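The values are calculated or read from the model by the stated rules, or taken from the named source; none is laboratory data. Source: prediction; values computed, not measured. In this analysis, Cβ positions are derived from the backbone assuming ideal geometry, glycine residues included, and neighbour counts consider all displayed protein chains.
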2 protein chains.
Amino acid sequence: MRTLHTSLQTYFTTHEQEHLEQLGEFLRIPSISTLVLHRKDMIKASDWLVEALTRVGLEHVKQIVTSGSPFVYADWLHAPGQPTVLIYGHYDVQPVDPIGLWDSPPFEPTIRADKIYARGTSDDKGQLFMHIKALEALFAIQGTLPINVKFCVEGEEEVGSPGLIQWLTEDQELLSADFVVISDTPLMQQGVPAICYAVRGLCALQIDIKGPKSDLHSGGYGGAVQNPIHALADLISSLHDPTGKIAIEGFYDDVLPVSAKERAQFTPILPPDTYLAAQLEVPELYGEKGYSAIERTWIRPALDVNGIYGGFTGEGTKTIIPSSAHAKISLRLVPNQEPGRIFELIETHLRTHTPAGVTVTTQRVDEGLPYVASLHHPAVQAAKRAYQEAYQVEPTYIRMGGSIPIVSTFAERLHTPIVLMGFGLPDDNAHAPNEHFHLDHFRKGLLTLALFVDQVANNGSVTSRT
Amino acid sequence: MRTLHTSLQTYFTTHEQEHLEQLGEFLRIPSISTLVLHRKDMIKASDWLVEALTRVGLEHVKQIVTSGSPFVYADWLHAPGQPTVLIYGHYDVQPVDPIGLWDSPPFEPTIRADKIYARGTSDDKGQLFMHIKALEALFAIQGTLPINVKFCVEGEEEVGSPGLIQWLTEDQELLSADFVVISDTPLMQQGVPAICYAVRGLCALQIDIKGPKSDLHSGGYGGAVQNPIHALADLISSLHDPTGKIAIEGFYDDVLPVSAKERAQFTPILPPDTYLAAQLEVPELYGEKGYSAIERTWIRPALDVNGIYGGFTGEGTKTIIPSSAHAKISLRLVPNQEPGRIFELIETHLRTHTPAGVTVTTQRVDEGLPYVASLHHPAVQAAKRAYQEAYQVEPTYIRMGGSIPIVSTFAERLHTPIVLMGFGLPDDNAHAPNEHFHLDHFRKGLLTLALFVDQVANNGSVTSRT
């Protein structure tokens, strides 16, 4: 292993200039998926990928057209008896507004203080690029790959992956693999590698309260009728109990308890609650008793009203009883909560708690399964060894409070463990001006990903699907 | 009395064409106070009034410039020993948008089906004009007036009467009177005259909840921190108890009970709750137990959230925990509730009920005292007799759920009973396209107002201030 490590290090050092130039080409393409104006750039970026993947030695490289921008597929399947990894990434990027806040133009990659600045450096072109170059290095050093590899690089991640999700619903064969690896998440902190092994699921809904047929003068009618905003406030208030737990009957029934052992592993890596409270500038943190704040986001479900509106919201006053009031609500789910079942429980709760004098309707708007990989899965163990070898630091196992729709979809459709090996940092400005990526993590990431492939090959039990 | 009645009727019939032409001149001036574009029209309308009041025989007619458009003052004070009435009205009108919905142009008075259509016919040029012509008729028939009269006609009613309120704060002498009469409110229904003897007071405030320093990703932080929208919902929910009563400690302490006798008078004139529920298209009415719906708006205080907003309110979803949440709240007060005291009770309630993890600030934005005249006041009795004489129908005594800021101000500054003798109808479209006024009420109104002046003179105890 030391030999491979040294060879890889030499290879990446020797080729760093060339790699950064190639990455620069990729970053210069303004492939903003949400803007129709950039349709041609989406094609340009996927063309660039086809060429890059082909040049490395991958086969069956093709653009697969779905509803919108195509996803790029490639594979190399010449390691019989060895596991197959599906490497997922995305070539689309976020918009660049407000453009005035960028210190250098978003599509002119610039290196300052050992960081590369451009839209997409961290999210996700830079991290995806490292996977390609890790394979290039292995091909160059060993003339082959020790495992089977598939690539799936989509152009719609920033707009909810509609095409890929649709594809996976209809065809599970093309992208089938023993596990999926994604590099699109941040570490907890600089210098400490982290393997994210769980994300929360999601269900999102809209609640609409209907009262009188039109807005009423609150002088003429105040006291006579139910005010839809009051009814909505009562309903929202009824969703939590006074201790901060969710008060929907049956809500926690399917929640898998997390072992004391697993929780004990969190302790050394979690920031203290006081630090978090100061950082967020709140008088105190708040939530379910018995868990630290970050634990509540990692292993416990949560319900949040994301937006509320009703009545007069302009400057000054307008004394009305509004005809309606509205709330957008999303829930984060943990294993084994199932979005469909949760929707039903919420709808029952709302129905049985609807105040007199109004009607309530709900609309389901989004959902995704929670996901957790077993820490004992060989791919997770391989990732751990690769990180340790490359960083010379024991990696931490982390979970994520957020939801990655494509992770839920892979888990649901391919029944495949997913390993989230991110190399970004929380302050990379992934969706903001001056997005950047640390070259230190670029170098360590290349090494980690190449070593990971090698580690997977040296562990025969990866193919045992969990 | 029959003689005067007959003479007045003859006078008004003889002069109806001439009166309608004069009213037409007044209505043609587009005196929209809220639009700077119409500044010159405000002057034009007040000039028109100066001339009209002078022509009738009033004295000391002048425009009094305050902050914005002037108010027009006039008096006739040659009835020693007799009471002084202050007649209040306004010459400004509401905007006319949406102009496309008018069947005839808003500033070209048109008579159709015995109704006169134009902006201001009901609110308030038409009703104000009747007061002027009532005096004209008395002068013509009797050569004098039996009581002392002051006129105050402002041009800022539709924008909150800032100039007049300021004037009344600084000078109570000019407009001092034994009572005030205002014709700017509707009857309950066609053909049944009504004397409005009470309006509710008002206090309005804004509540702002501050949570984390910026919007947070609800995946990353959901469960860790208090959500300002949840905190706001809890606070709003805490403002009422489960029976619909306001749950602010001490809130009802100053509420004057209304006698069973007074309430018994409401019964025959109030629509049944079922009628109101059908009209408003709500499943059921809702509010404090023990009162009918309209009673709750007339004699009980109410608290309404007029608007609420926070977080993401656009199309679709954005999974955030917002940094803040906001509500606009107004309360309707009844005698003897005092807005300043109520503000304090609310602020105390909010302070003691603020959920963990957020801060709450409140901002007082508006206030006005409730007002109720004694039914036994001679001016109210005089109005009753005048209505009965003119309509040949017993007038009803009604209260109003709404608040008229200038009524509160008169009551507070001049310590004067106010009699609201309206002749409009609820469906006159006062603030909407096709505003109109029934000529039947124009004719009966002229007669009522002239007879009212006569009735006041024939009752020696009017000057006894309540």
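For this structure, a couple of remarks:
Each row is one residue, and each column tells you yes or no for (1) within 28 Å of A:LEU414 (Cβ to Cβ); (2) of a type in the set (D, E, K, R).
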| residue | (1), (2) |
| --- | --- |
| A:GLU59 | yes, yes |
| A:TYR73 | yes, no |
| A:LEU77 | yes, no |
| A:GLY81 | yes, no |
| A:ALA118 | no, no |
| A:THR144 | yes, no |
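- Residues that are touching a residue at least 40 places away in the same chain (Cβ under 8 Å), over 22 Å from A:ARG385 (Cα atoms) and surrounded by fewer than 20 Cβ atoms within 10 Å (Cβ to Cβ), drawn from the range A:138-164: A:ALA140, A:GLU158, A:VAL159, A:GLY160, A:PRO162
- Hey, A:GLY402 under 30 Å from A:PHE107 (Cα atoms), of a type in the set (Gly, Ala, Ser) and buried (at least 24 other Cβ atoms within 10 Å of the Cβ) or not: no
- Residues of the range B:258-281 satisfying the condition of being exposed (fewer than 12 other Cβ atoms within 10 Å of the Cβ) and of a type in the set (Gly, Ala, Ser): B:SER259, B:ALA260, B:ALA264, B:ALA278
- Selection status of A:ALA386, within 11 Å of another protein chain (Cβ to nearest Cβ), over 18 Å from the mean Cα position of the chain (by Cα) and either surrounded by 24 or more Cβ atoms within 10 Å (Cβ to Cβ) or not in a strand (DSSP E or B) (or both): no
- Residues in the range B:3-40 that are surrounded by fewer than 13 Cβ atoms within 10 Å (Cβ to Cβ) and within 18 Å of B:LEU135 (Cα to Cα): B:THR3, B:THR6, B:THR10, B:THR13, B:THR14, B:GLN17, B:GLU18, B:GLU21.
- Top-ranked residue in the range B:204-246 [being within 28 Å of A:ASP427 (Cβ to Cβ), touching a residue at least 40 places away in the same chain (Cβ under 8 Å) and surrounded by fewer than 21 Cβ atoms within 10 Å (Cβ to Cβ); ranked as nearest to the other protein chains (Cβ to nearest Cβ)]: B:LYS213
Yes or no, residue by residue, for (1) closer than 23 Å to A:HIS217 by Cα; (2) not charged (D, E, K, R):
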site	(1), (2)
B:PRO322	no, yes
B:LEU333	yes, yes
B:ARG341	no, no
B:ARG351	no, no
B:THR354	no, yes
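- Being part of a strand (DSSP E or B) and touching a strand residue (DSSP E or B) at 6+ places or on another chain (Cβ under 7 Å) is a condition met by at least one residue of the range A:25-41.
- Those residues of the range B:188-200 which are crowded, with 23+ Cβ neighbours inside 10 Å and not in a strand (DSSP E or B), in sequence order: B:PRO193, B:ARG200
- Note on the range A:341-368: residues that are touching a Gly at 6+ places or on another chain (Cβ under 6 Å) and within 14 Å of another protein chain (Cβ to nearest Cβ) total 2.
- Test result for B:VAL372, farther than 19 Å from B:ASP241 by Cβ and within 7 Å of chain A (Cβ to nearest Cβ): no
- If you check A:ALA52, A:ALA79 for being modelled with pLDDT of 95 or more, crowded, with 18+ Cβ neighbours inside 10 Å and either of a type in the set (A, V, I, L, M) or outside the structural domain of A:LYS125 (by TED's automatic domain parsing) (or both), only one passes: A:ALA52.
- Hits in the range B:282-309 (condition: of a type in the set (Asp, Glu), at the interface with chain A (Cβ under 7 Å from one of its Cβ atoms) and surrounded by fewer than 24 Cβ atoms within 10 Å (Cβ to Cβ)): B:GLU284, B:GLU288
- Residues being at pLDDT 95 or above, within 28 Å of A:GLU435 (Cβ to Cβ), in a helix (DSSP H, G or I) and of a type outside the set (Ser, Thr, Tyr) are represented in the range A:137-152 by at least one member.
- Filter pass, A:ILE195 being more than 9 Å from chain B (Cβ to nearest Cβ) and aliphatic (A, V, I, L, M): yes
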